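Below you'll find the structure, written out as C-alpha cells, and then a few comments.
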C-alpha cells in the first residue's frame, strides 16, 4: 500500500484524491491546499488528514506526493519532495520557465527519487490503444500525425494571465502526445494563431485558436489544432497515417443514443471536459505511477518528457511571435 | 449509510460487492455463499465478514440484503429477508415458477418491506437515456420497439439445464426492457426459435436463437431478437420508432479507435459481456435502490415488474412450444 | 441494342425511361399510358414514340416490354406481351390474386419468353453486396435475418384502397429480399400490425405499422418491420446474423456532412424515397434484364419469385387477420 | 443546346465526354487528342467527330470548349479558344508558371469570353453542402479549416516529373477549396513535407507527404494535409470549426455495408479515386458552366481563382524549399 500525500485540493486534486482512494494499492493519507477549507473538505471525504505542504513532505510514513497545486509552485515542491525522499507525480508543466524546470529536474535527479509528469492523455484508453497499435506496426511506418484538441469553453482571463499562454498551458498536452506517438523528436515547429474566441484573451497577449506543424529528422510530419472553445463538447482526437493505413481515435460521446427525425440523425455531444473524458486516464496514470514506484522502475512520462514538451511549446510560442519557423533541440 | 448484506459471491456477487463498497451511502457488512471460501475471499476484499444467509438475514444492524444466489433460492430468501425486516434487491428472476413467484411476492408485500428486482438494463445510461427521451416525447407516440440482445458465447450446458430456458433466463431482460420503454402491457406474444448455436442446447430442450413479436392494446408493436452467440461481442441494442422519429441506443465499443487500411475501416468489438457493458448500470441500479430505501419510497422495478416479465417469458415459451400466438394478461 | 417498349408513364415509368435511354445496350422505342399526355411527354423526353399498349406489344421490332402500369393490369399485359414474343420486365406484384398470378405465369411460361419481376432491392448496391457476402460465407451459416423498411410518408388513401394492403403492396419487397438472402423458403409466418400512422388507413381495412417473424425448415429465423412513415427519410436496412458475425446494410444519407454544435452531432436524413435511394438499383435491375435477354438466360427474380413473395404476403395477411401463425408452402 | 468541343481524350476527358453527352442542355460535337486513336474512340462512343484542336476551335458552330489536355498546353489553348469566341472550361491549373498564367488570363479577359477553371471539388455534393452551411452561418464565423487529401496511390514518376510538384499539382485543389470555404484570402503560408511514400519522388526533387498551415487577415487559420498514398482509398475530408460548432464532410464509402465479427466492425474503403468519388462533382461543374454560359454570367471558379490557388501553391513550394513562412498577396 503506497501512502500518498496530495498537494492541492482544487478541481484536479479532487480527481486525484478519488483515484488514490479507490486504487487497491494506494492510500490517501493527507491533503494540503492554500485554501485550508478546501483541503479539509477533500481530506474529510476520504478519511485523510488536512495538513500543510511541509507537514506532508516531512512525514516519513508518506512514500509519494502528488503535486496538483498551481503551476508556479511545481518546481519548488518537486525539489522539496524528492529531497525528502518522496516519489513524485506532478501535474504538467514542471515550470513555465524552461531554465527553472531544467534546474529543478536536475536537483530531483540527484536525489535518485522518481518524478513522473502528469501528461494524462498518454493514459486515455483510446489514445494509448492507438499508440500501441502504431508501435506494433498496424499501419507500418508513421508518416502524418494529426492532433485536434479543443476545450468546450475558455478558462477565465485570470487563469489565462497566469497560464503561460496557449502553447505552454494547453497545447503542451498535444506536444507530449505527439512525441509519444511519433516515437521521434520534432526538429522544427511553425505556428499560427489568433484570439478569435475572446478578444480579452488577445488583450492579455495570448491567443485561443492555433495551428502548428512540426517535422522530425526522418521526415514525419505532424499537425496540431487547438481552440479554447467547442460548442459540441471537449474535442479530443488523434489521427495517425502510415504506410499501410490510418488509425483514428474519435471523441467519446455522452451516450450511444442517436435521435432521428425530420432534422436528420443526432447523436450526443462529446463528453464535456477533462474530468469526465479523462477519468479513466487519471486512474491509469496513477496506476502506472504506483506500479513503477513499487517495482523501483523509472515512471513515464518523466521530467525529460516534461522538458521536451515545454521546449516544443516554447518553440511554438516563438514561431507565433516572430513569424518564423523555429528549429528545436 | 445503508448496511447491506450480500447473499451470493459468484460473478455477479462480485460486481455488486464492488458497487456497494464504493457507493458513498452504503457499506458492505457481510457476504454469504454456498462456497464458503468464495464468500470469505470476497468479504475480505472489502473488509466485510463472511457469514451464512441466516446470520446475515437475522442481523438487526443490516438494513438491506442483495440476493445474488442461484435462481432456485430467490423466492425463499426474499420471503425470509423481508420477514426479517430487510429491504431487498434481488437478481432476476424471482422464480422460474410463476405461481411460486406470485406467492413469494404476496408474502413479501405483507411485510411492507420493499423488494426491487435486478433488471439492470433499465439503469444502463444508454437505455435509460433512450427511455427518458421516449417518455419526454422526443419521437412522439411510440409505434415500433425493437430490441436486439445477443450474448458473446453460450453458457455451459449445465447452466442451460437449470436456467428455465432462453425465454425465462435471457429474453426476460428484454421483456422487462420492452415493458419499461413501451409504457404499456403487451397483450399477445408470438415466438419462433431454434437451437442453431449448439446442438447440445437443443438436446436439453432449449433453444439459443429466437425472435418474438408482441402487441399492446393500443396497437404498438415490439420485436425482440436473441442469440446465445455473437462473434463481435455482447450485442445490446434498442430502437424505438414513433410518430416523429426514431431513437437508437447502439453498442458500446471497447475504444473509439478506428483502423483503416486495405481491408476497409475497422472499429472495436462491442464490450465483451455484462460485467463490462453494464458496470455503470449495476452502480446506478444500486444507487436507485439505496435512494428509494432511504426515502421510504417503493423501488422500481419491483416484484410486479418481475412477475410481468416472467409472464411474457412464459407466454413466449408456450408460443414457441405450441406454435400459437399466446394472449397475455 | 435491345428495343424496349415502356408500358406506363407514371413516376416509376419515368425512372425506367431514363434507365433504358442511358443504358448503352437498350433503346426506348415507345411509351404508353392511360394518360396519353403523360405518355407523349415522357416519350418526347427521350426521342421515343407515344403509342397504345397494343401498338407496342404488336410491334415486331420491339424485343422487350417493361410493364410499369397499375397493378390490376399486370397479369393481362404479361400474358399479351409474352404471347407476342416479348421478353418482359414487370413491376411487382404480378397480381393481387395468387390464383390469377399463377395462371398468368403458367401462360407466360408456355410461350417460352422470359418474365422478370421488378424486385428492385435485390439490385441495390448495398443489399446485393450484403447478400453476396452472406452467400460467400463471410458470417458463416445465417441464423437471424432482420429487415427494416419504412416509407417517409404514407401514400394517399385512394392508393391504399387499391394496393392489396400493406403486406402485398409494401412488405412484399421485404419478403422477396428475405427469400433472396435466406437462400431458403420460410415455412411459417406470424404477423402483428395496426393503423397508427393514419386512422383513415385503418378505416379502409388496412394497417400501416407491422412486424412479422418467419422461420425456415432448418431453423433460421427472420423478422421484418414496416411503417408507412419515417420522419427521418426512407428507412431501408438489412441485418444478417450468422455463426461468425453480422452484416448490416445501413441507410444512404443525402450527404456525408455532419454538423456539430450545442445540440450534438447531426448528420443528414436518409435519402427521401425510392426514386433517389434505388436509382442505382433500377439501373442494375435493367442491366441484369438486358444481360439475361441477350444471353438467352432466365432472368432473376422471375415469376416464381413473384409468386413466392406473394404467398408470404398472403400468409402474413391471414396471420394478421386470424391472429394465427400461418404455415406456408 | 450548347455545342461543346472537347480537347483531350484521356482519363479525365472520358469523364467530361460522358457528362457533356448526358447533360440535357449540351451536345458533344467533337473530340481532339494528341493520340488520334484515343480521340476517335471517345468521339465514337458518343456520336461525335474526331478532329484537331484547331478544327474544333475554328468551328463557328461550337460554342464552348472543354480543355482537358496536358497542363503545358492549357494557356495556349485558352488564348486560342477565347480569341475564337468560345466559352472555356479548363482543367486546373492554367499554367505551372504564374507569369504565363497571368498573361493568358489577361488575353482571355480581353476577348470578353468566359473562362472557368475545373476545380471540381467545389461541386462535390458533400463539400458544396458544407460550404453552403458555413456561408449560411450554421457554425457562426469560421475559425479553423482543416482539409485532408490523400490519393490512393502515387502517379508514375514520369507524371510527377512534369506535374509542377505536389503543391501545384495536388494541393492546388485544397488551396482552392480553402479559399472557397474561408471566404477570405490567406496572407501567409508555412509548409513542411518529405518524400516518404516513394524515394524516387524525392529523387526527382518532389515530395509526396506534406502539411501546410495558412492564416487570413482576420486571423482565421487553415491546415492542409496531403499524401500521395492511402491504403484505405481516396481520402477526401473537410472540417470547418466556428464560433458555434463544426461541420465535417466525411469520405464516401463503396457501400453502406458493415461486417462485424471477431475482428471488430469493418466498413468499406473510401471510393477509390477521383473518377468515382467526384463523378457527381464533374456533372455539377459542367452544369454550372453551361448555366453560366447560357445566362451570360461569369462562371466560377474563374481565372482569378486559378491564379490565386497557384499563388498559394507557389508560396507553399517556396516555404518548403526555404524553410520560411511566406507572405502571400
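Values for this structure:
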| item | result |
| --- | --- |
| Scan of the range D:20-66 for residues that are surrounded by 17 or more Cβ atoms within 10 Å (Cβ to Cβ) and either more than 26 Å from residue C:22 (Cβ to Cβ) or not assigned by TED's automatic domain parsing to the domain that holds residue D:92 (or both), ordered by number | D:53, D:57, D:59 |
| Leading residue by the ranking (surrounded by the most Cβ atoms within 10 Å (Cβ to Cβ)) among those in the range D:139-169 that are more than 11 Å from chain A (Cβ to nearest Cβ), touching a residue at least 12 places away in the same chain (Cβ under 8 Å) and out of contact with any helix residue (DSSP H, G or I) (no Cβ under 9 Å at 6 or more places or on another chain) | D:152 |
| Out of B:277, B:325, sole residue that is touching a residue at least 40 places away in the same chain (Cβ under 8 Å), at the interface with another protein chain (Cβ under 8 Å from one of its Cβ atoms) and either within 23 Å of the chain's Cα centre (by Cα) or at negative phi (or both) | B:325 |
| Unmet requirement for residue D:15, which otherwise passes all of (1) crowded, with 24+ Cβ neighbours inside 10 Å; (2) closer than 26 Å to residue C:18 by Cβ | (1) |
| Qualifying residue in the range C:285-294 (condition: away from chain D (no Cβ under 14 Å) and under 11 Å from residue C:15 (Cβ atoms)) | yes |
| Condition check for residue D:135: within 25 Å of residue D:293 (Cβ to Cβ) and touching a residue at least 40 places away in the same chain (Cβ under 8 Å) | yes |
| Boolean, residue D:213 is in contact (Cβ under 8 Å) with a residue 60 or more places away in the chain and closer than 21 Å to residue D:320 by Cα | no |
| Residue identified as surrounded by 19 or more Cβ atoms within 10 Å (Cβ to Cβ), under 24 Å from residue C:164 (Cβ atoms), in the same structural domain as residue C:160 (by TED's automatic domain parsing) and touching a strand residue (DSSP E or B) at 6+ places or on another chain (Cβ under 6 Å) among C:267, C:319 | C:319 |
| Within the range B:221-270, strands (runs of 3 or more DSSP E) holding 3 or more residues that are modelled with pLDDT of 95 or more, facing chain A (nearest Cβ under 9 Å) and over 24 Å from residue B:154 (Cα atoms) | B:245-249, B:257-261 |
| Members of the range B:171-195 found to be without any contact (Cβ under 8 Å) to a residue 60 or more places away in the chain, farther than 15 Å from residue B:320 by Cα and in a loop (DSSP other than H, G, I, E, B), listed by number | B:183, B:184 |
| Criterion (surrounded by 23 or more Cβ atoms within 10 Å (Cβ to Cβ) and within 14 Å of chain D (Cβ to nearest Cβ)) met by exactly one of A:178, A:195, A:129, A:188 | A:178 |
| Lone qualifier among C:71, C:82 - being crowded, with 17+ Cβ neighbours inside 10 Å and modelled with pLDDT under 95 | C:71 |
| Filter pass, residue D:113 being surrounded by fewer than 17 Cβ atoms within 10 Å (Cβ to Cβ), touching a helix residue (DSSP H, G or I) at 6+ places or on another chain (Cβ under 7 Å) and at pLDDT 95 or above | no |
| All positions within the range A:21-39 that are more than 29 Å from residue B:47 (Cα to Cα) and part of a loop (DSSP other than H, G, I, E, B) | A:33, A:34, A:35 |
| Residue satisfying all of: in the range C:198-216; in contact with a helix residue (DSSP H, G or I) (Cβ under 7 Å, 6 or more places away or on another chain) and assigned to a loop (DSSP other than H, G, I, E, B); farthest from the other protein chains (Cβ to nearest Cβ) among these | C:204 |
| Test: residue in the range C:121-133 that is more than 19 Å from the chain's Cα centre (by Cα) and either farther than 27 Å from residue C:249 by Cβ or part of a helix (DSSP H, G or I) (or both) | yes |
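One line per residue, one yes/no per condition, for (1) assigned to a helix (DSSP H, G or I); (2) buried (at least 23 other Cβ atoms within 10 Å of the Cβ):
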{"position": "B:272", "(1), (2)": "no, no"}
{"position": "B:282", "(1), (2)": "yes, no"}
{"position": "B:287", "(1), (2)": "yes, no"}
{"position": "B:290", "(1), (2)": "yes, yes"}
{"position": "B:300", "(1), (2)": "no, no"}
{"position": "B:304", "(1), (2)": "yes, no"}
{"position": "B:309", "(1), (2)": "yes, yes"}
{"position": "B:315", "(1), (2)": "yes, yes"}
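The values are calculated or read from the model by the stated rules, or taken from the named source; none is laboratory data. The model shown is predicted, which means the values in this text are computed figures rather than measured ones. Here the Cβ is made from the backbone with ideal geometry for all residues, glycine too, and neighbour counts use every protein chain on show.
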